Ligand SMILES: Nc1ncnc2c1ncn2[C@@H]1O[C@H](COP(=O)(O)OP(=O)(O)O)[C@@H](O)[C@H]1O
Ligand SMILES: [Mg+2]
């Protein structure tokens, strides 16, 4: 295993971790994905994925549409069930055991491209729902926590509104606050800014950058390369259900190794 | 539309006579509407002979229920009004408290304004009540109406004054009370002698209240991953949707006797109520299933990702959205049920419509062609009920629609 400090240092110099099982971040492993296959009928969406994510590490996943990025992070919190291989999150292995699934979901926050806020609840109730129902937090405490999180995502004044009354950027920030209210150890982001108007992208990215700096373990599917450059420890490039190339953001900007990577980057940059 | 206030003449020109086609439509519509209104008014206040209704008012309201036992029906009415008031009071208080928690307190309205709102909301029922009271030849209906209103108001006030914990316990009341108190109130006669408008209301109300939870369970059962439960639900839904209601009504009355010993069966009214309940529940199940399908997948995924267990996810995230989406269809089904209760005439019950049909055969009125009077009166009773249901559903929809996307 690589020493954590080395990983960071090498990273800033733009080294390649051709092997995605090398851990970055602060060292010990938070998420361990090993040999994961996923089929939709006959179609294989994930082909032998290996990926280790260190505690406090930020991973950005890029790749063409349909390459399996969403499927990969949805397997991590069991929104999709993987067919082979193993997924271990913070020491708990995902299996059919409902308790293991619930334990992992409690520790894993997810932010979706289309926000998926609960339209019938106020912003405050969206955020307090899970802490109150799952963590059995008393109402007052949950609301205090929610207000704190809303201040953190810079929209405390919207607490009493319904999601439909907010802009896209505000909704996505509420969605982040809602996920954080469960005090997760890992945050998964599936193209969190793809559905946003350009002028709202940065308000969401800023919140995510702050979260990264505070030491949250994150896997972010996004094509915002500016974000990747600023906070990602490693970038993972996927194509056709496989991890093609792994490296620091610097590596991807300066000297990507694979032809497919070069082609893809030339299209999005 | 312009925001400046228009003079009436301008408004008419803008909205009714903007161009030639508009003008022609307006004139034709005015002639038709005018003619219908004129004929209706002439009938109601001129040519109609309402004695047939007046003389049979008791029959229209309670059928052939024995006169010296009619206090039992009054007692049931008063109890129902009190429970309805109580539930409304508890719910209103809860809503107020929620609104205060949301920093949007609902200010208490002045008494006169509240009366005005109640009037605007229930005017058809109030007009009907007034007509009934004016048609009555004795003072008893006035006393009964007064007692029912007082019971509702007292229930409402008590419900509003209860501390929250007690209030929640009281939710069970409308479910438990009918089984405990009502048999006592109905006495040895039971339900089977009920008739007229009261029978219609009884059948419709009880089936409506009972079919909803049953339909909900069937809908959830149909989506269950347990094959046995899913199969059972599908079987029940498809069977009862596929059978004519008339057949079920007949079956409940005579058919069951072939399968079960007569003495083991509940009374006829209870049996036919169960038939209406299950029949409507099958339709409610399909409506609710449609509602469940209308909730986007992202909603369940978000709830799962937050770690909500399945039952809570259903109760707190999926169902509230699903039901809100199907309120119009549900209420449509309830209105159908309300009108379909008239089918009990085929098993010999004397509901409103049968009364309307019977009274014109009475010796005093036979051969005088009074069916218009009698049927218009019965139709008015139904219309008031159906219209009130429809209005209430729009209110609920609006209230639940606040801030929806
Ligand atoms: N529920 C599903 N059923 C069938 N095929 C699916 C399903 N979800 C994803 N796929 C397929 O799996 C592949 C990977 O999808 P996805 O992970 O969403 O890609 P990405 O997020 O990289 O665009 C795509 O070809 C997609 O069509
Ligand atoms: Mg995707």
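Every read-out reported here was derived from the displayed coordinates using simple, explicitly stated rules and does not represent laboratory data. Only a predicted model underlies this, so the values are computations on that prediction, with no experimental measurement involved. Backbone-built Cβ (ideal geometry, glycine too); neighbour counts: all protein chains shown.
Mind checking the mean number of beta-carbon atoms from other chains within 10 Å of the Cβ atoms in A:159-166?
On the way: counts 2, 5, 2, 4, 3, 5, 4, 1.
Counting Cβ atoms of other protein chains within 10 Å of each residue's Cβ and averaging gives 3.
Projecting label points 7 angstrom from Cα along Cα→Cβ for residue B:224 and residue A:167 puts them 4.9 nm apart.
To the nearest 0.05, how large is the calculated FRET efficiency for residue B:387 and residue B:297 if R₀ is 41 Å and r is the Cβ-Cβ distance? For residue B:387 and residue B:297, the calculated efficiency is 0.60. For segment B:8-167, what class follows from the C-alpha gyration tensor (a ≥ b ≥ c being the square roots of its eigenvalues): rounded when a/c is under 1.5, otherwise prolate if a/b is larger than b/c, else oblate? In terms of gyration-tensor shape, oblate. To the nearest ten degrees, helix A:168-180 and the longest principal axis of the Cα atoms of chain A are 90 degrees apart. Answer rounded, prolate or oblate for the protein assembly as shown, using the Cα gyration tensor with square roots of eigenvalues a ≥ b ≥ c: rounded when a/c is under 1.5, else prolate when a/b is larger than b/c, else oblate. It comes out prolate by the Cα gyration axes.
Put a dot 7 Å past the Cα of residue B:55, heading toward its Cβ, do the same for residue B:69, and the two dots end up 2.6 nm apart. Across chain B, Cα pairs under 8 Å and at least six residues apart give a relative contact order of 21 percent.
Placing a pseudo-label 7 Å from each Cα along the Cα-to-Cβ vector at residue B:217 and residue A:43 gives an inter-label distance of 4.1 nm.
From most to least packed by mean Cβ count within 10 Å, the peptides A:145-156, B:23-34, A:56-67, A:253-264 give A:56-67, A:145-156, A:253-264, B:23-34.
Once the chain from residue B:104 to residue B:147 is taken as fully extended at 0.36 nm per residue, the excess over their C-alpha distance is 11.9 nm.
Gain on full extension, evaluated as 0.36 nm per residue between residue B:361 and residue B:135 minus their Cα-Cα distance, stands at 79.3 nm. In this structure, residue B:270 and residue B:241 have a Cβ-Cβ separation that, at R0 = 30 Å, corresponds to a calculated FRET efficiency of about 0.85.
To the nearest ten degrees, helix A:198-213 and the longest principal axis of the Cα atoms of chain A are 80 degrees apart.
Mind giving me the FRET efficiency for residue B:14 and residue B:380? R0 is 41 Å, r the Cβ-Cβ distance, nearest 0.05 is fine. Intermediate results must be reported in sequence, preceding the final value.
On the way: r = 36 Å, r/R0 = 0.88.
Efficiency for this residue pair is about 0.70.
Compared with the direct C-alpha span, the chain from residue B:120 to residue B:48 gains 23.1 nm at full extension, assuming 0.36 nm per residue. Highest mobility in the GNM of chain B, judged by mean-square fluctuation with C-alpha springs under 10 Å and restricted to B:376, B:143, B:352, is found for B:143.
Among B:50-63, B:240-253, what's the highest-first ranking by average C-beta atoms within 10 angstrom per residue?
On the way: B:50-63: 19.8, B:240-253: 15.9.
Result, highest mean first: B:50-63, B:240-253.
Across peptide B:312-318, the mean count of Cβ atoms from other chains lying within 10 Å of each residue's own Cβ comes to 3. Taking a ≥ b ≥ c as the square roots of the Cα gyration tensor eigenvalues, with a/c under 1.5 meaning rounded and otherwise prolate when a/b beats b/c, else oblate, which class fits chain B? It is rounded, given that a/c, with a ≥ b ≥ c, falls under 1.5.
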